[in-house]
Each structure stands twice: as structure tokens, then as C-alpha cells.
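The values are calculated or read from the model by the stated rules, or taken from the named source; none is laboratory data. This one's a predicted model, so the numbers in the text were calculated from it and none came from an experiment. Ideal geometry is used to build each Cβ from the backbone, glycine not excepted, and the neighbour counts take in all protein chains shown.
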Amino acid sequence: MAVATDASSAPMELLVSVGKNQSTKTLLRVLILCFIAAAAVASRLFSVIRFESIIHEFDPWFNFRATKYLVAHGFYDFWNWFDDRTWHPLGRVTGGTLYPGLMVTSGAIYHALRALTVPVDIRNICVLLAPAFSGLTAFAAYLLTNEMTTSSSAGLLAAAFMGITPGYISRSVAGSYDNEAIAIFLLVYTFYLWIKALKVGSVMWGALCALFYGYMVASWGGYAFITCLIPLHAFVLVCMGRFSNRLYVAYNTWYALGTLASMQIPFVGFAPVSTSEHMPALGIFGFLQLVAFLEYVRSAVPSRQFQTFLYVGLGGVFGVALLGLVGLTTGGYIAPWSGRFYSLWDTSYAKIHIPIIASVSEHQPTAWPAFFFDLNMLIWLFPAGVYMCFQKLEDEHVFVIVYALFGSYFAGVMVRLMLTLTPVVCVAAAIAASQLLDTYLVYKSPVAPEAKEEEVTDGTAKKSKQSALRSTSQPVVGIYTLISKGFIAGAMTLFLLIFVQHCTWVTSNAYSSPSVVLASRMPDGSQHIIDDYREAYQWLRQNTKEDAKIMSWWDYGYQIGGMADRPTLVDNNTWNNTHIATVGKAMSSREEVSYPIMRQHEVDYVLVVFGGLLGYSGDDINKFLWMVRIAEGIWPDEVKERDYFTPRGEYRVDSEASETMKNSLMYKMSYYNYCSLFPPGQAQDRVRGVRLPDQGPVLNTLEEAYTSENWIIRIYKVKDLDNVGRDHALAASFDRGNKKKKAGKKRGPRVLRAE
Amino acid sequence: MRWLPALLSFALPFGALAAKKSPSVDRFQEFHTKAVASSPIKLADNSYKKLTSAPRDHSVAVLLTALDARYGCQLCGEFQPEWDVLGKSWVRGDKKGESRIIFGTLDFADGRDTFLSLGLQTAPVLLLFQPTTGPHAVPAADPIRYDFTSGPQSAETVYAWIARHLPDRPHPPIYRPVNYVGWVVTIVSVLGIAGALFKLSPWILPVLQNRNVWAGLSLIGILLFTSGHMFNQIRKVPYVSGNGKGGITYFAGGFQSQFGLETQIVAFIYGLLSFAAISLAIKAPRTRDTKLQQIMVIGWGLVMVITYSFLMSIFRIKNGGYPFKLPPFM
Amino acid sequence: MKFTAIAGACLSLLSSVAADANITAPSSSKVALPSTFKPPQVFKNANLVHVVSLEKNFAKESINVLIENVSPEPQDEYFLPFTSEQMEKVGGIEVKDRKSADVVGFTVEAVEFDPLSDTQYYRIRLPAPLSPKSQQTLGISFHYLRALSPLPAAIEQADKQYLLYAFSAYCPSAYPTLKQKTEVKLPSADIPDYTTIAGSGDVKEFPVKQGSKLIYGPFPEVPAGAVSAIKVRFESTKPVTHVSHLERDIEVSHWGGNVAFEERYTLFNHGANLSAQFNRVKWAQSQYFNPQTYALKEMKIPLRVGSKDAYFTDVIGNVSTSRFRSNKREAVLELKPRYPVFGGWKYPFTIGWNADTKFFLKKSASNYLLNVPLLEGPKQAEGVEYGQVQVRVLLPEGADNVKFYTTAPESSITGHSVDLERTYLDTVGRTVLTIKARNLVDDFRDRELIVSYDYSTMAGLRKPLIIFSSMISIFVGIWAISKVDL
């Protein structure tokens, strides 16, 4: 980091090119930026300090596994990696269906350190990648903000905001090794480069922008946000009659190079020319050519009517192109919007058509507390900052405004897109805050002016009413009294202090638990760690055969692949709805139905998560309805959601539960043997908070193989076909009968056999 | 068309079978002719009984609904047009009645007794009666029930469901009539609006080019979105809800839920705070009069502090464990 | 080969720094003899007491024998026979003189002749040749790994575990034995089955059972190589802990003044398997009144006093169920595996800790003497056995002239080497001494490993200088670039 900022001090010397003590200013900035970066990194280390350096929840485990594969087998094997240990028996063309940016980044860092003979573990690189990049993000925010305003403090404020805002920390704490970890830095930096290219109008900056855009595409599916925002910005500029050669050069360089770069990623492939998400970019590309042509003609031909005619023609061509696009889409030549993306516009789309997307918690809409929780005071400084962008409406300010509008819309629709909103919030809020502070933190007060300026300024006010903001019609005089200065300055300082407190509190309480390891407080206040996941995964890894197929709900697929290193049927990369529905059906049907399914998929073990003993609410019984719904989507006649509710339409697990519920495999596996842990009549489910029937469910085709210490994870072995050819129900009941009869004299014959 | 049923009944072979069959045949043909006239048929209690009484050698799909505004069943209203489309297009594709299915609608107004006899509390309910005799007979005499749990259904989904239950019978495709009037209206209106805009451009353009307007609009948009308006749209949350004892609660408990009014209050607070910030940063330093400026700064400053502390106190309602607070709303 | 053996013998006789590691030593100490080899009948065992102790979960045998030279000329080679599969399992052979402790310098090597023959030999070379007709009392002790097999092989979770051990009532010897007896010490008096043989003298049937002890013999004279197979099946509801591989790294850092230990275990439980699947309910209930179980629940690892920041991890991260108690008197690392390790289950894990160099390192001029335990690791009542052990001593960069000496029986040291490894900003790489051993048991925990090496001050200063200069160059480079940029 220190090195990076040192390197960056050169361009900043260019920025601060006035004042004789500018070198000290530069030094101060570098130091402040270093401190901000350090704070950004430090505030993300809670989980490492509390628990250990461990990869967090679900997706990171896949990224981690992929990174290990990359480091072990090299880039080319990684590029065409066919993974036969997931989605059994289909397998997954992993190399072609992931965004390699993250893995390649950490792989590069790993090899660099190895070259320096620093024997650092790849796990630690993966864990600490996100915090490290958050430092860079703060720096990128600094650069972006400096493009927006002349105020020297705004950039630093933006960097500080960006560094500690929970909205960004939520996806970038140490251990959350996910694409967003580097993507947000790339997002902000690409935008910075875009603004730079637009201002300077140079091909170099445009090419740099395209380069980082390519990196972004390689890193995160969210690149579509850039792909749509930049064309939109360009379009708005043209509509405002601000077409310029700078815009032309910047946009075309970015689009041509960026599209080529993005098409290098196998997972993206030809999407940039064949899917609707990318059509705006293409359309604006063509549109700009037209406009440029017309501009040229207009400059050449000085005829009024001709111009109007041309403009009409221009509009006509644009309209025709739009119609053509629609036609192509309906004709199926251009793929319509992918489900995830489409559900952003038609918000009820996912709920009806794609239950898998709807079932993910981070695809839910955002309630207002989430905004305040993630952005605190920035959330109301943000509109103020946007308003100030209207003061002198340069091209870059237009960008901020457009970004702000769309960012806030998306963030409102999907919780996870809070992430894309956060940068612009930080920038805008920083602009507002810095203007406040700059106004109220100047010591010398202006002298009260004479009255004769009045009508002059009125005149200017009248003139400027049309174009500029009404509020800025008067000239600035400044603040007179120290009281008002002190008051506002004090208030702002107080708010900023609260903001820092808030960020630390949120980070440490909400975003720092690696959902793999759970922490609970003992009565004496000491921390007790509940490590059931790893206990069970380690058991699987050590005591089952290398290629034992594990069936579990898709949430745990990546963890099983990463920690237990066993093949799974489905995982968090939910590319095959039918396969997931198959698992859902197996889980939600009766044993007689499920057993053939499991045999067909060569399932050896079934893993369920059960929180009943501990009161761990994120367990499979609570997710069960989604399994049912997803299965129902494929087999509407065999699985029906309503059958899992009581006649009164309640979702119950106790003795009132519906028959279908009680006979479903998931229910049986969750509560098998559970009541024998309690004295009779005391069996209780602490999540649902209900008393369970004394007679627990009976399993015939599965046998309990392992149950973790707190019962969070239960693993069942799928019985082989009965070797006498009976069906399992018979065999099981026969065994049970036997056990009761000759439990006592079992040892006798054994000893005889010993001789 | 009138003579068709008679002819068919004559054409039928005589004998014991025919004797038992003929009434139901008449039944089907009679209803089918009605259906050809207008499908789905509007049923009443007796016609419903007549149509669905076993033994029957034809299928019946009856939608039991409550269209009357009194019952406030908006799902019924939403589904009705789809149902009509389905019934019409089916009969349209199958005039001879080879698929031997009748589409009927029984409104609560006409079929009160039926609803009671079926013990239905909710509407709409779609019942499919399978034939008990004849080639397509199924053992279970009682109807299959289609539930509208997952929201309003389109004709296609119901069509697929029915088609699933009528194997090896013709399934005439769904045919939606093109709404020419709609097209014409839209095109004309679009052209009209375009023309009007062109005429009014000298008055409109200044508005379009006015920064204040745009600034206002974008601020409103941002405030709406950041105060959870989309959440209301998607989750269809209530505007307010009553607390147990007559009064109303403005703020929903819990982090993941909110009321319509709540979001508006929050949006207002945000707006107030940002406006305070704006006027402190832009307006105040531009006011020339010292006194006025003093008052302005202090006033807006107080507004900012107080509103922010109020916002925090609201947030403490939503999130119990939130430790931070500001005076005066401790 | 013979030469090194003798050299080793003499050096260890001097008990000073031995086995110069710079010359590559043999992969294991073996003497090659013609394939038609038979031990010359030059001795007879006047009296022999054979003690088979099975208290721990490996078989520990000690033979106290009074040998007599029956040949005309002095002899110094006494041969000890093993069957070929015993050869794989036997380890830690040690010989001493029962009469006087100051007679040292017995050397033991495996005899290499006909690999197909079922009888293999270890040769014991007496420190001084035994003159004709004279006698000497040898105390020979060794142990067999993987010697006890559970029977029945699969039992219920709460059942008792029974182990089976097969041996010979007559102590296997290459020489005629006039008088001998065999004692079998067992962990408990619950001995359901044991082979009985016809007695001799006033006892009509062997064995004589005294509590948890079985005594076969005394027997009259038996010829060389006489065998009478005995099987004992006894109750021992304890885990049969077997570490198939142990990698132990000892990294000495002079700058940090720190010795870092790391041990990687591949641990199995060779006890009886579960006949039914693991049942958590029964397990949880049984934990209240904690009974004898054959599942490995916990391991205690006593470390040297002053050890600090210990850790216990496995392949998916830190294992939170470990405790480390360290104070002035003791430093104990208590490990609980993530799951109870039942028979047939596996649990690989890694532990590590740091300690101050002052406990281990002595300096004289530019020569250093490092004295560390060859083997630490769990100290269990039921004992732990190690199949393959690899001890790596990472000396600081630039250390050379490495010699080592260990008090462990050298018949179990199978090889050693010295090479370089580059870590932590090394330029030439640091010297690594690797010692391989096989078939060890936790009785050898206290055996020490002494490494001597030379390390000059210049070598010590190498790294800081290199790092300093490289940083300087980086900054200069950046400065230059920024100047160019302007």
C-alpha cells in the first residue's frame, strides 16, 4: 500500500500544482491516504481476530477451491478445467463458467510472493485479498472524487467514507473471498478512468478504461452495470446537446477495446453482441457515429432547413434502429434478458418464474433500515451531494447524477446491489460534506458589503435563473460570525464521529461472522465456538471413500466441495434447475420415491442441517419450502406445496404436521432419533419452538452415519439393496424385531466365532 | 346447429348401453352446443348439478368464482378474462367436442348452494370433473382441484394443467384475439402527443432545460428509492397497521419489514436533512445580510441536529440493539 | 558399509558428536552376509527370561539372557532371530549388560542375507569379545508395532474391546536354551482365551495365571529355533493409536531467538471397527459417566516448560477444541479431535509451538550445539506407536559442518541427509538436516537429538543487508519514475 501511494504521489503533484508548499501538501495527502487505507484494512479484520484466518460462508469456498486448483495445476489446466466432482453425474465445465479474475489475481500474488521466497499460505492470501483491495478502493474513490470537484478535501473524505462504509465492508471483510472483493475496486477505478478519458478526450485514458473494464468483466457478473451506465451517460450527454469529440473518442475507444477484451472471457463469449444487457452499449456506439457524422455535415453545410431535416432523419434512424432491436429480440436473434437481470425491471418476475433466484436472501428487495444500517449519515448527505452536482453541471457531474439515480433504484430492488450504490454515495456525500466544511472551517470572515450591489446581483440572478440553479444565483460572500461557524463545524464533527462509531459497530456485529464457525456466549461471558460444520466435513473427508457422492441442498455444495472434498450433486452455482429440483424432490418425497432417485444418482451419503437442538434458525427445515417449490416447478403432480401445510394452512413440524410433511425424507432425517435425546415427552425443537411427538420418525432406506456434536449437521448413509432381496421396509422392521429379542445374548456366538 | 344433438342421438347405437348412456350424451351435446355459442358457459346451481352429476362420460372444468364487487375477490377478477380466453379458444379449436370437455363458470351469486355444499370459503376454485364412464373414465369420481396458491394464473398455465389431466385427447391451442382497437388507440395517441409536444415546444423546452426541475426530479427519485419504496412495490406492504388497542403503529417492528407511511416519513426526514445541508452549504454563504444569515445558519443547524437525532431514535425502534443516540430524542 | 558401521560404533562409544552428516550415510544400518548364512553355534543360553508386556497397545518384549561362549575362541557376534513379518514390525532394539551398567557400546544391525528366508537375524556385536567358557548377561529389549489385532474386529459403540496377540512360548533364539520362562503382562485380568500347553516339572499345565499376568515355563532345554505358538486374547478397551507418518520440523532462528516446532501426524485408530454406524445419542449419553472407550477422545502432549503459542489445526483450519496450559512447572497441550476417532477411523492433524532458544541452544565460538527431543507428541496411558518418522532440523541460512547424535536406538534410524531449503527471503537457502526413523513408540519421547553446526556472524548479517539494499533500490526506482513522470 505504501508503495502504491508513493507511486501515486507523482500524478498528485500534478493535481496540486499551485502553492509554494505543495510538496508538504502532497506528503500530507499521501500520509492521510495511507492511514485511510490502513483503517480500511484494519476494520475488516474483526473475524480474523475473533476466530481465525478462515474462508467465510458459501461461495468463497468455491473460489478458494478454484484458486487452489489454479495454483496447483497452472493457468491452462485451470482455463479448461472440467470438474467432475460437482453436479454428479453431469459435472461442470468450471473453467468456462466462472469469472477467473479473482482466482488469477490471488494466484499472481501467490507466485509473486513465492518468487520473493516468502512462504505464505494461499489460504491467507485469499482471506486477506478483500481487505487489501478495499485499501485500493479507497484510493480509487479519492481519484474519482478529485475529478468531480476542485475542493481538495472532498477526495480525502470520499476515500475515508469508502474505506469504512458498512455497505462495502459487508462483502469485503477478511475471509469473504468473493468476486466483489476485487470487483468494487475495479468498478470505481474504471469509472475514474472513464471520467478521465471523457475530460481529456485521449485515446490512452480510454484504452486504460477499456483495460480495467476487461479486468472487471473477468472478475464479476456485475460488469453489466458498467456496460449499461457508461452508454447511458453518453446518451444523456448527447441529449443535453453536449456531444463533443472528447466524448466520441473516449466512448469509441472504450467500447471497441472493452468489448474485445470482455469477449476473451469464455463465460462471456459472444454475449456482448448477442444479449440484451449489452445492446445499449452497441446502440449508443452506432448512435454516436451518426451524431458525429451529422455534426460534421452541419459544420460543412450552413443551411437551417437542412439541419432540421438532418435532426429529424437522425431521430428517425435512431427509432428504426430501436424497432429493429426489438424485432430481433422477439425474433430470438438476440437473447432476451437473463433471468437475474430481468428480475431487476419486472420485480415480480423472479418470484413467479425462477424460484431459485427468488429463494436467495440477497436477492430480496431492500427495506429502508438496511440503507441506514449500511450508509448511516451518508444516506442523507448523498442527495445533497447530488444536488450540488447541479451547480456547475460538467460532464462528470452528469455521470454522478445518472449513476446516483440508477444505483439507488437497483439498490432498492436487490439487497446485494447496495454494493454498486455505495461508491457513488461516498463520492456525492463527500462532495456535500467537503463543501459544508470548506464553508464553515475558514477562519477569516468577510466584511459586511454595502447595499448598492443589490440590484446588480438581482440582474445577474434574473439572467442566470434560466440555466443555473436558483440557489446559486447569488455570489458567494461567506459566513460572518464565528458562532455559526463553530456550531455547524461542531455538528458535522459530531456526525462524522458518530459515523465512525456506527461503521465499527455494524462491522463488528453484523458482518464479521464466518457463518462456518458459530460463536455463542457461555453463561460466564466467555466465547464458546460451535464448530459443527467443520467437524462433520472433516469426518466426511477422513472416513468416507474418496468418491462418495454426497447429496445435500445446494447451499452446502461449495462447502462440501471445499472442506470435505467429496463429490456433490448440486452446489451454489445453480446452473441446472432440473438437477436441483431432482434433489428437492428426493428431499421432499416419501422414502419409497426418494430411494430410487438416490440410487440413480449413486448417492452414498445425505447431509442435512438441523438447528433444532441449538436453536440455529438457518437450517434445512426452514429452507424446506423452497425445496418443495423448486421441485414443484418440475413435477407439479408429484410435489405440491399445499400438502406440506396443515389444513389450516400452517407450516408445522410437531404432531400436527401434515402427513406429507411427516413422511418427507427431509423431516425424517432432521428428527430421526432426536426425541431419544430427551426424557419422554420433553423432546423440543428450539428453532420452531414446538414440542415434538414422542414417537420419532422411522427410516428404512437410510441409516444415520454421523451427527455432529450439536446436531447441526446430520449425515445419513444410503443403504445398499438388501442382499436377501427384501425391500428395505421389511428388512428394517425385521432387524428391529431382532434387536429387541436377542440384544442380551449377542456376545455369546461372537466369542465362539473368535476361536 | 340446432339439429346437431338430435341427429347425433339418433345416430347412436341402441341397446342397454345406449339406454344408460343416452341421457349423458344428450347432456354433453346439449351443453356443448351452449359452449359453442358461448364458452365458458355461465352455470347456476341446477345446471351445475346436471352437468357434473355422475355417471358422466365427459369432463367438466368449472371455475367457481365470486365476481361481484361485494366479495372483493380481486383474484377472481384477474383470472376471469384468462378463463374466458381459455374456454373460448378451446371450443373454437374443438367444435365437434372430440375432447369431450365442457368449460363452465359458476358465480357465487348464481351458485350459492353449490358453494355451501362444497364447503368453499375461498374463491376462485377450479374443479375438473373426470368422466366416470366411457373411454376416458377414471376410477376417482370426485373432481380434481386446482389451487391458486401462487398468485394469479395465466390461461397458459391452467391450459397446461388441464391438458395434463386429459391425456390422449385433442388439446386445441390457446388463441388470444388481437386487440386492434388498442393498437390504433396507442398509435394515434402517440402521434397526437408527439404533435402536441412539437406545437408546445416553445413552452416546454424551457421547462426541460431548467436545471431546477431536473434537480428536483432526481432528488425525489433518489429519496424515494433510498427510503425503501421499491420494497413496498414488491412486497405490497400495508400503508399502516393498527396496534392492538385502536391506535395505529407508524413503524413496523423488525429490521426486514416496513409500512407504506413509514417509508414516506423516512423519505421526508432524509429530504429535510439534505435540504438543511444544501441550504447551509449553498444558501447561507450567499445571504448578504448578517442577521439573516446568522438566523438561517442557526435555524438550519438546529433542524439538522434535531431531525438526525429523531432519525436515529426511529432506527432504534427498528433495530433494538442500536447503541447510538443523540439529544434531544434519547 | 561395514566401515561406517564400525565408525559409528566407535564414535558412539566416545558418545560425542557422531555420524558426520556430510558423508551420505547408508539408508539403514544393515550388514550384508552370504545368502547361505547360518548363525555359528558358538553360544548357548544358560538361562533366559522372556517378558512380553502388553500393557500398552503395542507389544513390548524384553529378553534377559545369560549367554555362554561354547566355542574354543572368543566370540563377539550374537544373533537374534525374527520371522520375516516380525522384521517389518520390530523396532527400537536395545541391548545392555544386566550386570554392569557401565559396559556400553553394544551395536545392533539387521543381517542382510537371503531375503526369501523366513528367519531373519539381527546381529548384536558385543563391546568386547567374550572369551571361551565365560558368560555375560544381556538385557535385550524391543517392541512390535501393529502386533495386537482386535477380535471381534467389529463391535458395538459401547462394547468392550478385546485384543489378540500371538507369540511363541519358547523365546525364539538362534542358540540352544537350557532354561527359560516367558512372562506375559496384560493390562487387565479379563483374559477370556489363551492357549494352554502341557506343563513340565510339578506344574501340569502352563500358563500359570497370576492376576493380570500369565507365566509360561520354566521350560527344560529347548533346541535352537524351537517354537510353540501361543495366542492370548485379553480385554483392553482403549484406542490402538497408530501414527503411520509423523513429520516433525524444528526451525531454529537466531535472529528471533526462537525455536519453532511443527508436527504433522497421520493418525489411525487400529482398534475394533464400529459394527453399526456411529450413534450420537448413545455417545452423548455415555459422556456423562465417562466410561472406558476404545475411541480416541483426547490426547495430552506434555511439552518442554517455556513452550508458548501452541496451535492445533487440521486440513480445514484451526481446531477450536484444544487447550494449552503453560506455567512455570509445566506446559501441556490437550487436544480433542473434531470427532471421537473410533476403530478404523483416521484423523490427520498438525500441531506446533514455539520456544526460546535458550532452552535448546548452546554457543561456543562460532559453533552451536542444539539439543532437542527427538520425539515429542502424545503421552497416553495406552501408548502411541509411530510407523515412519521424519525429523527435519532447519538451521539458519549459512550454517554448515552439520553433525548430529541421538540417544535413540540407532537400529531404528533409517537414514539422514543434509540439503538446502529457501524460505522467508532466503537467498542461498537454509541448511536442513533430515533424519528418518521407523517403528518408534512413545517410550522414546525423552530420547534427545543433538545437532552441532558452525554459523558465522557474516552469515547472520547476510539477510538484513540484502533486504535493506533491495528496499533502498525500490524507493530510488520509484523516485526516479516520479521524476520522469513530471
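Things worth noting here:
- Of all residues making up the stretch A:425-450, the number that are aliphatic (A, V, I, L, M), in a helix (DSSP H, G or I) and facing chain B (nearest Cβ under 10 Å): 8
- Note on the stretch C:345-374: residues that are modelled with pLDDT under 90 and assigned to a loop (DSSP other than H, G, I, E, B) total 2.
- Meets criteria (more than 8 Å from chain A (Cβ to nearest Cβ), assigned to a helix (DSSP H, G or I) and touching a His at 6+ places or on another chain (Cβ under 8 Å)) for B:A267: yes
- Those strands (runs of 3 or more DSSP E) of the stretch C:63-160 in which at least 3 residues are closer than 23 Å to C:S53 by Cβ and modelled with pLDDT of 90 or more, considering only elements entirely within it, cover C:75-83, C:90-97, C:135-144.
- Those helices (runs of 4 or more DSSP H) of the stretch A:524-612 in which at least 2 residues are within 12 Å of another protein chain (Cβ to nearest Cβ) and surrounded by 22 or more Cβ atoms within 10 Å (Cβ to Cβ), considering only elements entirely within it, cover A:532-543.
- Residues that are assigned to a loop (DSSP other than H, G, I, E, B), β-branched (V, I, T) and in contact with a Lys or Arg (Cβ under 7 Å, 6 or more places away or on another chain), drawn from the stretch A:163-206: A:V173
- Within the stretch A:105-130, the set of residues being within 14 Å of chain C (Cβ to nearest Cβ), of a type in the set (A, V, I, L, M) and either within 18 Å of A:L186 (Cβ to Cβ) or outside any loop (DSSP other than H, G, I, E, B) (or both) comprises A:A112, A:L113, A:A115, A:I122, A:V127.
- For C:L420: the one exception among (1) within 30 Å of C:G91 (Cβ to Cβ); (2) free of Cβ contacts under 8 Å to residues at least 24 places away in the same chain: (1)
- Filtered residue count, the stretch C:235-267, keeping only those that are among the aromatic types (F, W, Y) and surrounded by fewer than 22 Cβ atoms within 10 Å (Cβ to Cβ): 2
- Within the stretch C:402-430, being of a type outside the set (V, I, T) and out of contact with any Gly (no Cβ under 8 Å at 6 or more places or on another chain) holds for C:K403, C:F404, C:Y405, C:G415, C:H416, C:S417, C:D419, C:Y424, C:L425, C:D426, C:G429.
- Of everything listed in (1) within 14 Å of chain C (Cβ to nearest Cβ); (2) surrounded by fewer than 21 Cβ atoms within 10 Å (Cβ to Cβ); (3) within 35 Å of the chain's Cα centre (by Cα), the single unmet condition for A:F678 is (3).
- Scan of the stretch A:379-417 for residues that are more than 10 Å from chain B (Cβ to nearest Cβ) and closer than 14 Å to A:V188 by Cα, ordered by number: A:E396, A:F399, A:V400, A:Y403
- Pairs with Cβ under 9 Å, 6+ apart, first in the stretch B:237-249 and outside the structural domain of B:Q264 (by TED's automatic domain parsing) and surrounded by 10 or more Cβ atoms within 10 Å (Cβ to Cβ), second modelled with pLDDT under 75 and basic (K, R): none
- Among (1) within 29 Å of A:L721 (Cα to Cα); (2) among the polar types (S, T, N, Q); (3) in contact (Cβ under 8 Å) with a residue 60 or more places away in the chain - the single one A:Q559 does not satisfy: (1)
- Filter result for the condition that a residue is at pLDDT below 90 and within 30 Å of C:T357 (Cα to Cα), over C:W255, C:W283: C:W255
- Filter result for the condition that a residue is under 30 Å from B:F103 (Cβ atoms) and part of a helix (DSSP H, G or I), over B:W203, B:W183: B:W183
- For B:L292, the conditions (1) surrounded by fewer than 12 Cβ atoms within 10 Å (Cβ to Cβ); (2) in contact (Cβ under 8 Å) with a residue 60 or more places away in the chain are fulfilled apart from (2).
- Against the conditions (1) surrounded by fewer than 16 Cβ atoms within 10 Å (Cβ to Cβ); (2) more than 14 Å from chain A (Cβ to nearest Cβ); (3) within 30 Å of C:A153 (Cβ to Cβ), C:G377 satisfies every one except (1).
- Within the stretch A:562-591, the set of residues being over 17 Å from A:R534 (Cα atoms) and without any contact (Cβ under 8 Å) to a residue 60 or more places away in the chain comprises A:T578, A:A581, A:T582, A:V583, A:G584, A:K585.
- Condition met for B:L120 (surrounded by fewer than 19 Cβ atoms within 10 Å (Cβ to Cβ), aliphatic (A, V, I, L, M), touching a helix residue (DSSP H, G or I) at 6+ places or on another chain (Cβ under 9 Å) and closer than 25 Å to B:S154 by Cβ): yes
- C:G415 being outside the structural domain of C:E88 (by TED's automatic domain parsing) and either part of a strand (DSSP E or B) or not small (G, A, S) (or both): yes
- As for the stretch C:104-118, it holds at least one residue that is touching a helix residue (DSSP H, G or I) at 6+ places or on another chain (Cβ under 7 Å) and polar (S, T, N, Q).
- Test: residue in the stretch C:348-362 that is without any contact (Cβ under 8 Å) to a residue 12 or more places away in the chain and either surrounded by fewer than 22 Cβ atoms within 10 Å (Cβ to Cβ) or aliphatic (A, V, I, L, M) (or both): yes
- Any hit, the stretch A:734-744, residues being in a helix (DSSP H, G or I), away from chain C (no Cβ under 14 Å), at pLDDT 85 or above and exposed (fewer than 13 other Cβ atoms within 10 Å of the Cβ): no
- Answer residue from the stretch C:171-188, given it is within 28 Å of the chain's Cα centre (by Cα) and surrounded by fewer than 23 Cβ atoms within 10 Å (Cβ to Cβ) and is farthest from the other protein chains (Cβ to nearest Cβ) among those: C:A174
- Scan of the stretch A:69-104 for residues that are hydrophobic (A, V, I, L, M, F, W, C), in a helix (DSSP H, G or I), within 22 Å of A:M563 (Cβ to Cβ) and touching a residue at least 24 places away in the same chain (Cβ under 8 Å), ordered by number: A:L70, A:V71, A:F78, A:L102, A:M103
- Residue match in the stretch B:274-291 (condition: more than 18 Å from A:T472 (Cβ to Cβ), among the hydrophobic types (A, V, I, L, M, F, W, C) and in a helix (DSSP H, G or I)): no
- Candidates in the stretch B:153-180 are the residues that are polar (S, T, N, Q) and in a loop (DSSP other than H, G, I, E, B); of these, the one that is surrounded by the fewest Cβ atoms within 10 Å (Cβ to Cβ) is B:N179.
- Residue ID - farthest from the chain's Cα centre (by Cα), chosen from residues in the stretch A:613-655 that are closer than 30 Å to A:M522 by Cα, more than 14 Å from chain B (Cβ to nearest Cβ) and assigned to a loop (DSSP other than H, G, I, E, B): A:D654
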